[in-house]
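Notes follow the structure.
The values are calculated or read from the model by the stated rules, or taken from the named source; none is laboratory data. No experiment lies behind these values; they were computed from the predicted model shown. Here the Cβ positions follow ideal geometry from the backbone for every residue, glycine too, while neighbour counts run over all protein chains shown. Quick note on the areas: whole protein, heavy atoms, side chains included, nothing else; ligands and nucleic acids left out. Shrake-Rupley method; radii C 1.70, N 1.55, O 1.52, S 1.80 Å.
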Amino acid sequence: MTAIVGLTLDGTEWTPQFVKALDAKKCIGCGRCYRVCARDVFELVERESLDLDDEDEDLDDDDPFGDDDDDDDGFSDDTSMVMSLKNNGDCIGCEACSKICPKGCFSHTTKEAA
Ligand code: SF4
Ligand code: SF4
C-alpha cells in the first residue's frame, strides 16, 4: 500500500499530511489554525468542556507572538477557550494549521490509497 498523492498546478506530486490530532493541553486558543484552514475542521470550545488536566496554569504567558488583549491583530487571547477537531474528515492535508500554530499542537498522517 502506498500513500495517496495530489498534484500541484504544474503536475508535481505532493503527499497530503492529514491532521490526526490536536494537543489541547498545549493550545492557547489563539484561533490562527481556524483562520488559515480552508475546510470545516476546527471548532473553538470551552477549555473546561474538555476536562483537561492542565499542567501549565499560566497559558496567558505562552504566546510567542507576544499578543496582548488590547492589540488589534484579530486573534483571541482568551485562554479559557481551546481549539478542537470538529470534523477532521474534511481535512485535505495542506498542513497550513501546523505552519501557523505557535505551540506545535498538531500531528499529521498520510492516508493509504484504497
Ligand atoms: S491540514 Fe489544512 S485542511 Fe487539514 S486541518 Fe490543517 S489547515 Fe485544515
Ligand atoms: S494555532 Fe495552535 S495554539 Fe492557536 S488555536 Fe490553533 S491549535 Fe491552538
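Table for the structure above
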| item | result |
| --- | --- |
| Selection within the stretch 30-47 - open to solvent by 30 Å² or more (accessible area, probe 1.4 Å) and in contact with a Phe, Trp or Tyr (Cβ under 6 Å, 6 or more places away or on another chain) | TYR34 |
| Condition met for LYS99 (within 11 Å of ligand 2 (Cβ to nearest atom), over 30 Å from THR2 (Cα atoms) and at pLDDT 95 or above) | no |
| Odd one out for CYS27, checked against (1) surrounded by 11 or more Cβ atoms within 10 Å (Cβ to Cβ); (2) assigned to a loop (DSSP other than H, G, I, E, B); (3) more than 12 Å from ligand 2 (Cβ to nearest atom); (4) at pLDDT 95 or above | (3) |
